[in-house]
Amino acid sequence: MAGAGGGGCPAGGNDFQWCFSQVKGAIDEDVAEADIISTVEFNYSGDLLATGDKGGRVVIFQREQENKSRPHSRGEYNVYSTFQSHEPEFDYLKSLEIEEKINKIRWLPQQNAAHFLLSTNDKTIKLWKISERDKRAEGYNLKDEDGRLRDPFRITALRVPILKPMDLMVEASPRRIFANAHTYHINSISVNSDHETYLSADDLRINLWHLEITDRSFNIVDIKPANMEELTEVITAAEFHPHQCNVFVYSSSKGTIRLCDMRSSALCDRHSKFFEEPEDPSSRSFFSEIISSISDVKFSHSGRYMMTRDYLSVKVWDLNMESRPVETHQVHEYLRSKLCSLYENDCIFDKFECCWNGSDSAIMTGSYNNFFRMFDRDTRRDVTLEASRESSKPRASLKPRKTQEKAASAGGPVWFRPRRGARQALLLTWRCS
Amino acid sequence: MFARGLKRKCVGHEEDVEGALAGLKTVSSYSLQRQSLLDMSLVKLQLCHMLVEPNLCRSVLIANTVRQIQEEMTQDGTWRAVAPQAAERAPLDRLVSTEILCRAAWEQEGAHPASGLGDSHTQGPVSDLCPVTSAQAPRHPQSGAWEMDGPRENRGSFHKSLDQIFETLETKNPSCMEELFSDVDSPYYDLDTVLTGMMGGARPGPCEGLDGLAPATPGPSSSCKSDLGELDHVVEILVET
């Protein structure tokens, strides 16, 4: 498994200082394709971190209880559970493989001792229950210690089985399988604030599910044109509002966000609000649409704002203002002049995620070459950090990096060119506790 | 178009004919590089990973880019559509088959709306939610087969134009392309400068779809030399004035 884990904590005043807490995964450069992490997500309390990979596996890390004798040590994360969530499948009708790669993981709010999460690949969503077992019953009447059935006629006395402690065993079991509701590839799942329903979005449709019901889902958005040849726009991400269980948003490949209210109609094809920034005609190019395509949308914890990530920037929107974002932060503006090359090597289609911190005071997103960018909304300062395991020792502070275009020399400009397969900090999740 | 504006300004100064020629070279260079972008986009559309379904978002974005280029080239009058019957049969067949493979990802459910979704939409009260039962889920197998069997009958406007694009692409043989590019001594990365900095100034008018694509008359020589031919022609006019 390849990946890196980091932790941030405020240190002195309101400045964020970042350092590596732990690095999980393979050290060497050659990583198997199946081990590449495709999604990460902290749970609500921050005690558990789930990762999904291209091989369909989910690995959950748990934060160790902080030792009272070392109150300043940051809790370390260790492997808690590993299970195979999805297997590759073959669609016989289309003669196409369905990848087992985990596209998204979302935790459910914890309601009892067990933990629940939703994991999805391109076509099927599964609800997994992760529970602990640390006791074992011994002294059964009808069977031996090794499990063989005892002859009932030989039992002369009855005893009450007693519970004995055992080594902690963490079991993951699939509780629900939500299948066959998506023709296109699922890109998002989002648990509703009512804790009973969730949505799943593919390229053209969004479905609403009840967590208890697997054989039926309701279609709430359908942007498939009657004639597929007229298709010019797809859904790229969707999320439920954190507090209003009737509100959700979805973003598109044309850089628009639509907010829908499920109370207004059964099929939310007509949006309640439409967010789009007017295009700057002076910077229009053949790549304008591609770089405006939104790769991620996230509500703030307060529910007042939402953040969108397109290829070159992150934008913060006030839900009360549809005409333009209230903040725009450039992530890697130096790439704007290289768009054609990025188009050629397909990097322009990379989908970056973004996230809010717990207090909504800062936002973070990734970039190329293991850089990630953090924007402090209060101080209006931003910092670029490199999440590279070679350059950082555990617990050493990450030094801010400057990105610069190398000056043109006599022979011609040499510039920083993200290559396919180069390390990309695509995935982010911020522990909110 | 930005480059055209440059041309007109230079024409006013007679001592600046060199500037005019440089401007023309920029025009020609832009056209070549735009053509290169178009070719690249078509290759991307054709190269689908056929074991796994291609990414629909990526395909849509590339197709929209192709459409933009097409529209601009139509406005410039540089778009030449070779009449279908003039195209060689063999390469057309080859291209059509890869086109179908890419189209298949879009069109698997194209003809028939998925069960339950198309019929019972209402804008009424919440109780009218339309369920998608997974019992009905196995999609119409016939539509998939139908798409594969009858490609030519089902060509919409988009695919007609895609075919025209493919034919144009096919008529330019590789050696021809190299000759064109040998004049362009700027390194490859200039493609970025040219294409990201400028785009056809006039926004395309209300999109009539690709039905409105009027085939331009073919150039006097074979199309792969036509760009240079046009350049000479324009230079002649300028020099005369």
Spread of Cα-to-Cα distances over 10 Å intervals beginning at zero, given as percent, for the range A:86-140: 20, 33, 24, 15, 7, 1
Simple label model, 7 Å out from Cα along Cβ direction - A:D144 to A:H301, nm: 5.7 nm
FRET E, pair A:Q244, A:A137, Förster distance 35 Å, beta-carbon r, rounded to 0.05: 0.15
Pairs from A:K123/A:K254; A:K351/B:K44; A:K101/A:K129; A:K104/A:K273; A:K123/B:K44 whose Cα-Cα separation, in the structure shown, is over 22 Å: A:K123/A:K254; A:K104/A:K273; A:K123/B:K44
Peptide A:279-286, shielding by other chains (average Cβ, 10 Å cutoff): 5
Principal axis box of the range A:174-292, alpha-carbon based, largest edge first, Å: 52, 31, 26
Equivalent ellipsoid, the range A:265-339 (semi-axes from 5 times Cα gyration tensor eigenvalues, Å): 24, 15, 11
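Quick note: the coordinates plus some simple rules give every number you see, no bench work behind them. None of these values were measured; they are calculated from a predicted model. Glycine also receives a Cβ, built like all others from the backbone with ideal geometry; neighbour counts cover every protein chain displayed.
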